[in-house]
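Shown next, in structure tokens, is the structure this report addresses.
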Amino acid sequence: MNKKQKKMLARIIVSFLLLIVLSQLSITGYLRFGLYMIPYLIIGYDILKKAFKGIRNRQVFDENFLMAVATVGAIFLGDYQEGTAVMLFYQIGELFQSYAVGRSRKNISELMDIRPDYANVERDGRLEQVDPDEVEVGTLIVVQPGEKIPIDGVVTEGSSALNTSALTGESLPRETGVGEEVISGCINMTGLLKVRTTKEFGESTVSKILDLVENSSAKKSRSENFISKFARYYTPAVCYGALALAILPPFLRLGVLGLAPQWGSWIYRALTFLVISCPCALVISIPLSFFAGIGGASKAGILVKGSNYLEALSQTGWVVFDKTGTMTQGVFEVKGVHHSTVERERLLEYAALAECASSHPISKSLQKAYGKPLDRSRVTEIEEIGGNGVTARVDGMAVAAGSDRLMERLEISFVPCHHPGTVVHVALDGAYGGHILISDMLKANAGEAIRQLNKAGVKNTVMLTGDRKEAAEQVAKELGIREVHSELLPADKVAKVEELLERKGSREKLVFVGDGINDAPVLSRADIGIAMGALGSDAAIEAADIVLMDDDPLKIATAIRIARKCIRIVYENIYFAIGIKVICLALGAVGIANMWVAIFADVGVMVLAVLNAIRALFIKKMN
């Protein structure tokens, strides 16, 4: 408990003990009123203060106003014990709600406990701990075993295993060594590392992730917006309803029936009506349900940018995948060189040099297959043609390396490849030089991911890729993907997603899953964009609505399950809270329900709804 909660608990205990003592005393008149005002003011002075401020600021109708009017009214009717008890139990409910929200926030902050406290900078042969915000780009920092990596950078010395569980939700460590990129938030487990920083702390991965989690509540779901609007109209309506209940029946009894008006009885019913009508359970539990759902997703290494995306994800009907880096490992290997008019080594050399300025996995595979250092001074006039390939001059010779489309664009006759895989055709000085066959491995969980999506009721799975038809269909067949569209340029992918959006049902949502680096337009166009393999990818974090902090496609189904569980809890709380309210309001209006029933309808329902909301934090493992 924090200091404020401990203070409230002390007030509750003191007020409760005083109430028990006073209930045993035989006192009447002003003395009884004065003594009962002591526990009442101890427990309720802050509610009265907030109600007064609301009236002064012309924001009258809230739960503080309802409780103040109901309890003050009960005291003026002489029901001192009930008035004080209602305020006491209301504050007990508020304390419980505050503690529950605090615990869920603490759980989430512990799961996302990735903010580094310091960075070790070596100065004059000694390590000095400095604030990460003060570390400039290019600074050499030292990360000792057991410490968090404070800022993104490149390892210049040492090797170690990194614990990435706070970022990815995975317990298996990742090995790292000299020349490899490391990101902030990971924990160095074994060896000492020296890291050259590549970003400022404010631009590092840890800062971006924490900013996403902290600001996720800013994007409200339709359910939350509905509850906010509902409360704005509901609270004034029940206040006027209570006023009518207090005034109209006595006048009808007196004027029409000629009976005693019974003002005290009807005012008591009206005050009970006010206590019952307090919308705390809805106003508190619905945002808390989404907050807990986002926290549970964070625990699994899934970052959701807002409750609106969590709500949309629960309606997923279609899932569309990119292929490379999403369903495949994105680690290409040269499998063969075919129809070459020059020596194999020479063809690989020219292709690798032409591709040397590209960071695409295919380029890296060509460089790896060539296996020798590349002299970039030999290469000039490099031009990358999106979705086609590259052209360049190598030692003054015109070299083109790319797809069938590139050869057709350059009007060069080529030999088609009939083997599954990615084909890089190479032309030298306008003449066909042969083609290089490159293959990509499927991810270990890719097939299981499709099976789990089908099990979750996803109606259609689609794969979009720029790869050749044969390679795309082979991958789709192995994974069980129902529909595949191949040989697409980036613009074609956007057009295809728009076509799929037209085909899906009006109540279904289309999810696009990509690697987040070159799929930003499609991620933005889909109903929900999910970036995979996004560990450290700025493009992914910016473009996607949901970010998976590792490259496991199985987490797509996990994210959908979390979203559906969260929405189910939200609707359970809405139906439960409104249903109990309606029943108790009817009982209160006819005089069956008293203040104690009213307390259950308010505090009891709120406590049960909050407990139900916290269930969204916990996720069962998939079978």
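Observations
- Averaging 1/r across all pairs of distinct Cα atoms in the stretch 332-476 and inverting the result yields a Kirkwood radius of 16.2 Å.
- Cross-link reach list, lysines versus LYS49, counting only Cα pairs under 30 Å and skipping chain neighbours closer than eight places: LYS3, LYS4, LYS6, LYS7, LYS106, LYS220, LYS229, LYS581
- Within the shell defined by Cβ-Cβ distances under 12 Å, the residues around MET606 carry a net charge of -2, with Lys and Arg each +1 and Asp and Glu each -1.
- Computed over protein heavy atoms with a 1.4 Å probe, the carbon and sulfur contribution to the accessible area of the chain reaches 55%.
- Based on the Kirkwood approach, the hydrodynamic radius assigned to the chain is 28.9 Å, with every pair of different Cα atoms included.
- Interchain or long-range residues, amide H under 5 Å from GLY421's placed H: ALA471
- Taking 18 Å as the limit for the C-alpha separation, the pairs LYS496/LYS555; LYS443/LYS555; LYS565/LYS620; LYS443/LYS477 exceed it in the case of LYS496/LYS555.
- The chain, helix-only ellipticity at 222 nm - DSSP H runs n ≥ 4, -39,500 (n - 2.57), divided by all residues, nearest 500: -16000 deg cm²/dmol
- Its residue count N fixes a reference of 2.2 N^0.38 Å for the stretch 285-392, and the Cα radius of gyration divided by that reference is 1.71.
- For the stretch 395-453, the mean projected area of the C-alpha convex hull, equal to one quarter of the hull surface, is 6.0 nm².
- Straight-distance crosslink candidates among aspartates and glutamates, where the alpha carbon sits under 13 Å from LYS493 and sequence neighbours closer than 8 are dropped: ASP322, ASP467, ASP519
- The chain, dipole about Cα centre (Lys/Arg Cβ +1, Asp/Glu Cβ -1), debye to the nearest 20: 3560 debye
- Annotation: aspartates and glutamates with alpha-carbon distance below 20 angstrom to LYS50 (same-chain offsets under eight excluded): ASP62, GLU63, GLU94, ASP602.
- Overall Cα dimensions of the stretch 408-537, principal axis frame, Å, largest first: 54, 33, 28
- Paramagnetic reach from TYR45 in the stretch 16-38 [backbone N under 18 Å; point 7 Å along Cα→Cβ]: 16-19, 34-38
- Taking all protein chains as they are arranged and a probe of 1.4 Å, the heavy atoms of CYS280 leave approximately 10 Å² accessible to solvent.
- Between the helical axis of 446-455 and the longest alpha-carbon principal axis of the chain there is an angle of about 40 degrees.
- Net charge contributed by nearby residues that have their C-beta within less than 12 Å of ILE92 (K/R +1, D/E -1): -1
- Summing Lys and Arg as +1 and Asp and Glu as -1 over all other residues whose Cβ lies under 11 Å from the Cβ of ARG378 gives a net charge of -1.
- The modelled label-to-label distance between SER26 and ALA357, using points 7 Å beyond Cα along the C-beta direction, is 10.2 nm.
- Cβ-derived FRET efficiency at R0 22 Å, SER524 paired with GLU134, nearest 0.05: 0.05
- Ranking GLU82, GLU384, GLU487, GLU411 from most to least accessible surface, computed with a 1.4 Å probe over the protein chains only, gives GLU411, GLU384, GLU487, GLU82.
The values are calculated or read from the model by the stated rules, or taken from the named source; none is laboratory data. Note that the structure is predicted; figures quoted are calculated from it, not measured. Neighbour counts are summed over all protein chains in view; Cβ atoms, including those assigned to glycine, are modelled from backbone coordinates with ideal geometry. Note: areas computed on protein heavy atoms with side chains; ligands, DNA, RNA excluded. Shrake-Rupley method; radii C 1.70, N 1.55, O 1.52, S 1.80 Å.
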